[in-house]
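A.B. asks: Dumping the structure here so I can ask a few things about it.
Read-outs: derived from the displayed coordinates by stated rules, not from any lab. Computed from a predicted model, the values in this text were never measured in an experiment. Here the Cβ positions follow ideal geometry from the backbone for every residue, glycine too, while neighbour counts run over all protein chains shown.
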Amino acid sequence: MQISHWIPVDGAELAVDYRPHDDGRAPLVLLHAGVTDGRLWDGAMAAAAGRRSALRMDRRGFGQTRIEAATPHAMVADLLAVLDALALPRVELVGCSQGGRLAIDFALAQPGRVAGLTLVAPAVTGAPEPVLNAQVQALADAIDAAEAAGRLDDMNRLEARLWLDGPARPEGRVGGAARELFLAMNGIALRSPPAGGLVDAPPAWPRLEALPGPVRLVWGELDLPHLVERCRQIAARIPGVRCWPMQGVAHLPALEAPAAFNAVLREAGLLDG
């Protein structure tokens, strides 16, 4: 990821790639998943280049962000620090998984700063504890066992199996550069020095109807079943939400199928051309 700014926050310096373009629209702010870093958005950043302003960042514990001391922190406060440092009063948020959780929490805390939300298989603060099917539970147990034994390479491989391939599909379904990038990004996160305790935002699940619009919802049909069901529940609750269920992809469509994902962003009016 090309770093244009290092934004200091308590205990860290956040790595930010901001590419301004004077088109009069709120910049796209792309928020990565918890098994990736800002490189998840390579395809979207390339598609936005020279057409509209776009920003991506590595959160604490991910990518090139520097941890100086383990410090209690809140993701919403870190994002706010980035937007204030770059004098961005209003932005269009696109968040995947934990990045979607951050987008939701930020929009509820700072609705005047948000021009719209695109949520890709989002986590949600305060959502009900999921019931995992046997296949997902077995993979989750194997990941926990690898972590407890300090076998980080095995943990990384198993997380690629779960999140990139999809739990009901064969290991290695997604190969080539996408798999290599997943393993590189998640490998950094697994080996990052401790960032400090994460201070959760207030529960968002009971307040989804209060999200500022427009809200767009994207998910892969090969994702974990309870996450697909959660997206459908969110879609039923938010007035006016637009939905894109993507066939043939799992939890990380921007990594697995960047051209198809960018087509969704174009259909949503977020990318030109």
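A.B. asks: Restricting to the stretch 188-206, and then to whatever is touching a Ser or Thr at 6+ places or on another chain (Cβ under 8 Å) and exposed (fewer than 15 other Cβ atoms within 10 Å of the Cβ), can you tell me which residue is nearest to residue 63 (Cα to Cα)?
C.D. replies: 200
A.B. asks: While we're on this one: List the pairs whose first member sits in the stretch 16-36 and is over 14 Å from residue 82 (Cα atoms), whose second member is of a type in the set (Asp, Glu), and whose Cβ atoms are under 8 Å apart, counting only residues at least 6 apart or on separate chains?
C.D. replies: 25/92; 26/92; 32/58; 35/159
A.B. asks: Oh, and also: Condition test on residue 161, is it buried (at least 19 other Cβ atoms within 10 Å of the Cβ) and of a type in the set (D, E, K, R)?
C.D. replies: It is true that residue 161 is buried (at least 19 other Cβ atoms within 10 Å of the Cβ) and of a type in the set (D, E, K, R).
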